[in-house]
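Working notes, structure below.
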Amino acid sequence: MNKTDQQILKIALPAIVTNITVPLLGLVDTAIVGHMGAPAYIGAVAVGSMIFNLVYWVFGFLRMGTSGMTAQARGRRDLTDVVRLLVRSAFVSLAVALILIVLQVPLCELMLQLIGPTPDVRPLAATYFYMVVWGAPASLGLFALTGWLIGMQNTRLPMFISILQNVVNILISLTLVYGLDMKIEGVALGTVIAQYAGLLTGIALLWRYYRRLWRERAVDGIFLRSEMMRFFRVNRDIFLRTIFLVAVNLYFTSAGARQGAVILAVNTLLMQLYLLFSYVLDGFAYAGEALGGKYWGARNKPAFRTTVNRLFGWGAFMTILFTTVYVAGGMPFLRLLTDEPLVVDASHDYVWWAYLIPLAGMAAFIWDGIFIGITHTRGMSQSSFIAAVAFFLGVIFLMEPMGNHGLWLSMLLFLAMRGIVQTLIYVCNQVAK
């Protein structure tokens with residue numbers, strides 16, 4: 001294993017652990033309310049978690065944009081800009097969080113209208129939302145901090161913060177729900193407390209390991225017009241890319257739901273295989289952000305090209321590994337998730353689409369990390385737009401003759417087109433030269 005591979009794994013492995021632990025916050029809440037004796041509690045947490053997942057996913061640019069620009073500043077050895085980027089991103093995160101809090105009532109009503117929960121779930125979901133929304137400053141602040149740490153090639157601290165959040169969430173939520181009988185309010189408050197515990201821990205670790213950077217005279221110039229315009233230009237493209245991804249995923253879910261409860265359940269289960277692959281590949285994408293951005297900022301083209309080549313080498317390895325595992329253990333894994341006979345039987349007809357997910361999606365994940373690192377975010381938004389158009393055209397022409405097979409073919413086309421278009425953009429712009 002050469003030095004580049006060692007650097008990639010040093011960043012990727014802790015990031016993979018972090019990615020896998022992030023969904024546990026929602027799963028812990030679901031597990032706790034699952035023993036309250038009423039299905040409405042489970043539905044409320046499911047709806048509330050869905051709302052925040054969508055909202056925070058849209059604002060994921062606060063992490064991605066920060067990591068790429070920070071990695072480049074580090075590569076240039078511009079420590080003043082490194083500090084400015086953290087402060088700038090934290091300021092924007094706080095501003096967005098305050099807007100969400102101010103607009104919480106219309107936002108909640110809009111999301112509940114879109115999701116359409118049943119009458120018994122709706123008031124509980126609203127209660128959950130109106131409490132957890134106060135954690136927005138912590139959650140979005142951690143986006144900024146995590147992006148900055150990735151740009152500094154440090155994924156160990158985000159992993160530690162994520163694990164601590166889950167531990168705090170479990171302990172506090174159990175205490176509030178079963179010790180103080182707070183029901184849905186206890187689950188929501190436990191989530192908020194865990195979010196602020198994560199932020200405060202992040203600030204403490206930042207001071208512990210990076211306080212020497214604050215000797216840089218970075219206060220002046222934080223809000224320079226030219227720098228703010230660059231910050232928002234990079235993040236605008238990431239925001240647009242995320243909107244296209246959200247639109248495709250939401251439509252994929254709704255199109256499955258229109259085919260009945262069984263098909264919806266099958267698609268939901270198969271998407272767990274997609275998510276598992278994405279959690280692992282995102283770890284290598286983070287390595288692309290950190291190392292690609294560093295070498296791009298340092299204008300070290302040979303090291304940059306070597307990093308790109310090795311990232312795709314690891315991507316190919318993971319594609320072969322996951323495809324093999326899915327073919328051998330896909331159905332047994334689905335049986336662990338459900339014992340409903342109708343769902344299991346229907347899964348046999350569609351599970352082979354999940355076998356193709358690694359092959360179709362690998363390039364898109366790796367290129368996303370590289371493009372974020374070199375802040376070529378326009379290419380990300382362009383590729384996502386073209387891929388989204390391909391998806392919806394596929395739905396229009398394929399779903400009627402092929403049914404759910406047409407829907408899955410459209411999804412794989414979306415994943416593949418993202419990677420294909422980004423490859424063409426990379427080559428045509430001669431990024432590697």
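The values are calculated or read from the model by the stated rules, or taken from the named source; none is laboratory data. Computed from a prediction, not measured in an experiment: that's the story for all the values here. Counting neighbours? That spans all protein chains shown, and the Cβs are built from the backbone with ideal geometry, glycine included. The accessibility values were calculated without ligands, DNA or RNA, using every heavy atom of the protein model including side chains. Shrake-Rupley method; radii C 1.70, N 1.55, O 1.52, S 1.80 Å.
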Test: Val246 is of a type in the set (Val, Ile, Thr) and either crowded, with 18+ Cβ neighbours inside 10 Å or in contact with a strand residue (DSSP E or B) (Cβ under 6 Å, 6 or more places away or on another chain) (or both) = no
Restricting attention to the range 365-383, the residues that are surrounded by fewer than 24 Cβ atoms within 10 Å (Cβ to Cβ), more than 9 Å from Asp237 (Cβ to Cβ) and touching an Asp or Glu at 6+ places or on another chain (Cβ under 7 Å) number exactly 0
Selected residue (criterion: modelled with the lowest pLDDT) from residues of the range 384-411 that are aliphatic (A, V, I, L, M) and open to solvent by 50 Å² or more (accessible area, probe 1.4 Å) = Met402
Of the residues Thr268, Thr307, which single one is modelled with pLDDT under 80 and assigned to a helix (DSSP H, G or I)?
-> Thr268
Any hit, the range 284-301, residues being under 14 Å from Gly361 (Cα atoms), assigned to a helix (DSSP H, G or I) and not acidic (Asp, Glu) = yes
Of all residues in the range 412-433, which are open to solvent by 10 Å² or more (accessible area, probe 1.4 Å) and assigned to a helix (DSSP H, G or I)?
-> Leu412, Leu413, Ala416, Met417, Ile420, Val421, Thr423, Leu424, Ile425, Tyr426, Val427, Cys428
Considering only the range 172-188, state which residues are open to solvent by 10 Å² or more (accessible area, probe 1.4 Å) and modelled with pLDDT of 85 or more.
-> Ile172, Leu174, Thr175, Leu176, Glu185
Counted residues in the range 127-171 being open to solvent by less than 10 Å² (accessible area, probe 1.4 Å) and not in a helix (DSSP H, G or I) come to 1
Output yes when any residue across the range 98-108 is open to solvent by less than 50 Å² (accessible area, probe 1.4 Å), free of Cβ contacts under 8 Å to residues at least 40 places away in the same chain, in a helix (DSSP H, G or I) and more than 30 Å from Val234 (Cα to Cα), and no when none is.
-> no
Number of the exception - Gln259 against (1) within 24 Å of Leu359 (Cα to Cα); (2) touching a helix residue (DSSP H, G or I) at 6+ places or on another chain (Cβ under 9 Å); (3) open to solvent by 10 Å² or more (accessible area, probe 1.4 Å) = (1)
